[in-house]
There are 2 protein chains.
Amino acid sequence: MADSFTTADHLAQVLAAYSKSDNPRYNELAQAAIRHLHAFVEETGLTREEWFAGISWLVATGQKSDDKRNEFILASDTLGVSMLVEMTNHKAAGGTEPTVFGPFHLDGAPERERGASIADKDYGAPPLLFTGTICSTDGTPIAGARLDVWQAAPNLCYDVQDPDMPPMNYRGVFRSAEDGTYAFVTTRPPAYQIPGDGPAGAMLRAMNRHNWRPGHTHVVVEAPGYKTVITHVFDAASDYLDSDAVFGVRDSLIVDMSGEQVTFDFALEPVDA
Amino acid sequence: MADSFTTADHLAQVLAAYSKSDNPRYNELAQAAIRHLHAFVEETGLTREEWFAGISWLVATGQKSDDKRNEFILASDTLGVSMLVEMTNHKAAGGTEPTVFGPFHLDGAPERERGASIADKDYGAPPLLFTGTICSTDGTPIAGARLDVWQAAPNLCYDVQDPDMPPMNYRGVFRSAEDGTYAFVTTRPPAYQIPGDGPAGAMLRAMNRHNWRPGHTHVVVEAPGYKTVITHVFDAASDYLDSDAVFGVRDSLIVDMSGEQVTFDFALEPVDA
């Protein structure tokens with residue numbers, strides 16, 4: 001009788017047990033997750049020791065997370081999963097290309113006046129005027145669009161990583177004007193290392209990957225009636241554009257930041273497009 | 001330029017980045033994990049909100065874990081993954097069928113004399129003599145085999161779940177005699193609920209699954225030169241044999257526990273088989 005019950009029988013039993021939610025989407029997601037989890041185990045011939053190492057890595061990743069750091073987002077980012085979610089949520093063409101949200105966004109960034117600086121602490125870096133227009137994909141300027149902007153300071157840290165930084169340093173919310181234009185002041189965003197002291201960092205080292213990201217400014221653009229754009233604008237002169245630890249670089253998002261001003265226009269797709 | 005970079009291009013880029021470990025097995029596991037993670041996202045059209053719900057569930061599952069409870073093992077068990085790992089680590093035929101290890105094993109259970117009881121607290125349940133022979137798959141008795149035994153007490157709890165229980169209650173390590181026989185005393189193992197107060201329990205409820213396991217005694221049998229057997233022995237009269245929350249039941253592991261004695265023989269495969 002031993003081994004008469006095959007792994008295919010087992011999979012069928014598990015899938016049947018996860019087909020009874022009242023929410024059909026739960027059933028769909030559970031079925032797909034179970035099929036892929038089981039196929040991963042079978043294809044790799046995962047050993048007990050490897051399974052337990054994986055379990056331990058998952059526990060450690062959860063326990064490294066807190067209200068200021070989400071190590072599972074970092075893991076998702078470094079495995080290219082976060083970027084893929086953005087790509088699959090952005091299938092219609094024509095708008096600004098999306099990229100990863102990242103683990104460092106904070107709700108409640110201060111609304112700042114047009115043209116104001118997002119830097120609340122001076123690092124001696126020259127100011128960089130960041131400006132452009134927010135339009136619909138048909139070219140119509142969008143007034144009152146909301147830009148949520150954040151980036152690393154010149155010391156390579158986000159505010160949440162540096163207790164000596166004022167809270168909300170290098171963060172700000174801006175609105176586009178009647179003609180769709182926006183403007184704020186920042187400094188050139190530095191290349192920086194994503195946190196390497198947790199399980200995601202350990203994974204990168206085990207895989208001979210570095211943990212650098214090329215210099216970029218995060219922007220989320222929202223306007224009623226349009227799909228939200230979650231993206232970055234990258235510095236064309238930065239290192240690591242071809243080996244971003246989180247696979248977030250797109251050619252259309254790279255601009256010259258070597259001067260006093262950078263111009264980047266955003267195109268938003270109407271919701272019903 | 002937008003959207004010219006496809007999800008297939010993205011997957012190829014991520015796979016290339018995870019092909020450079022000095023450990024070829026790491027590359028193999030990473031490639032398989034990435035292929036399945038990305039396929040899951042694409043096939044389901046996973047939304048940002050669903051992705052973030054998943055991330056939050058993973059964080060909560062890690063944070064629910066501690067030195068006495070591993071919520072990721074519970075999740076793995078309830079998704080049928082743990083059972084599959086046992087099945088794929090047990091491909092050669094002939095030995096006792098394996099089942100899940102479960103989250104409640106403790107290292108350091110006391111060595112007890114042949115025939116001793118594993119119960120250190122009296123619940124009024126009648127004693128059950130558990131005995132049998134440990135043999136090689138060719139029928140040769142194995143002397144000095146190590147049996148590590150644990151089960152829930154009649155109050156439906158393992159010792160680690162009940163602060164009023166003596167530590168190591170219903171746990172014990174035994175050795176087989178020269179003729180391969182073993183013997184210990186226990187009480188009939190009750191059906192019980194796996195912990196439902198964490199993210200794994202929330203998942204079960206969302207999927208309309210119960211969290212009961214049929215009554216069983218855990219046994220790990222080890223002997224030099226043989227593959228370790230990790231299994232349970234189930235009570236034939238228990239509820240939930242056909243709907244075990246962790247998919248661990250196998251017909252060959254079900255025995256009559258309604259009398260004063262239960263007999264179960266273990267067959268171990270030689271390592272070089």
*Can you name every residue in segment B:10-22 that is out of contact with any helix residue (DSSP H, G or I) (no Cβ under 7 Å at 6 or more places or on another chain), of a type outside the set (A, V, I, L, M, F, W, C) and surrounded by 11 or more Cβ atoms within 10 Å (Cβ to Cβ)?*
B:Gln13, B:Lys20
*A:Val149: outside any loop (DSSP other than H, G, I, E, B), modelled with pLDDT under 95 and either in the same structural domain as A:Gly95 (by TED's automatic domain parsing) or among the hydroxyl-bearing types (Ser, Thr, Tyr) (or both), yes or no?*
no
_Among (1) of a type in the set (D, E, K, R); (2) within 12 Å of chain B (Cβ to nearest Cβ); (3) more than 14 Å from the chain's Cα centre (by Cα), the one test that A:Arg250 misses_ = (3)
*Out of (1) of a type in the set (Asp, Glu); (2) in the same structural domain as B:Thr187 (by TED's automatic domain parsing); (3) open to solvent by 40 Å² or more (accessible area, probe 1.4 Å); (4) modelled with pLDDT under 95, the odd one out for B:Asp66 is which?*
(2)
*In segment B:251-271, which residue that is in a strand (DSSP E or B) and closer than 22 Å to B:Pro127 by Cβ is most open to solvent (accessible area, probe 1.4 Å)?*
B:Gln261
*Some residue of segment A:207-220 being open to solvent by less than 10 Å² (accessible area, probe 1.4 Å), among the small types (Gly, Ala, Ser) and on the phi < 0 side of the Ramachandran plot*: yes
*asked:* Go through segment B:230-248 and report how many residues are within 17 Å of B:Asp148 (Cα to Cα) and open to solvent by 10 Å² or more (accessible area, probe 1.4 Å).
replied: 1
*Among the residues listed as A:Leu106, A:Leu58, A:Leu79, the single one being modelled with pLDDT of 95 or more, open to solvent by less than 60 Å² (accessible area, probe 1.4 Å), hydrophobic (A, V, I, L, M, F, W, C) and closer than 29 Å to A:Val221 by Cα*: A:Leu79
*Tell me which of these B:Ala183 doesn't satisfy, since it passes every other one: (1) part of a strand (DSSP E or B); (2) within 21 Å of the chain's Cα centre (by Cα); (3) of a type in the set (Gly, Ala, Ser).*
(2)
*asked:* Looking only at residues that are out of contact with any Ser or Thr (no Cβ under 8 Å at 6 or more places or on another chain) and acidic (Asp, Glu) in segment B:29-49, which one is least open to solvent (accessible area, probe 1.4 Å)?
replied: B:Glu43
*Of the residues A:Val160, A:Val219, which is β-branched (Val, Ile, Thr) and outside any helix (DSSP H, G or I)?*
A:Val219
*Determine the pairs where a residue that is surrounded by fewer than 17 Cβ atoms within 10 Å (Cβ to Cβ), located within segment A:132-148, has a partner that is hydrophobic (A, V, I, L, M, F, W, C) and in a strand (DSSP E or B) with Cβ atoms under 8 Å apart, the partner being 6 or more residues away or on another chain.*
A:Pro141/A:Ile134; A:Pro141/A:Cys135
*Please tell me if A:Thr131 is over 29 Å from B:Gln13 (Cβ atoms), among the β-branched types (Val, Ile, Thr) and assigned by TED's automatic domain parsing to the domain that holds A:Thr231.*
yes
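Yes or no, residue by residue, for (1) out of contact with any Pro (no Cβ under 8 Å at 6 or more places or on another chain); (2) closer than 25 Å to A:Pro224 by Cα; (3) part of a strand (DSSP E or B):
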| site | (1), (2), (3) |
| --- | --- |
| A:Gly172 | no, yes, yes |
| A:Ala177 | yes, yes, no |
| A:Pro190 | no, no, no |
| A:Pro195 | yes, no, no |
| A:Leu204 | yes, no, no |
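The values are calculated or read from the model by the stated rules, or taken from the named source; none is laboratory data. Just so you know, these numbers come straight off a predicted model, no measurement behind them. A quick note on method: Cβ atoms are made from the backbone with ideal geometry, for glycine too, and the neighbour counts reach across all protein chains shown. For accessibility, only protein heavy atoms count, side chains too; no ligands or nucleic acids. Shrake-Rupley method; radii C 1.70, N 1.55, O 1.52, S 1.80 Å.
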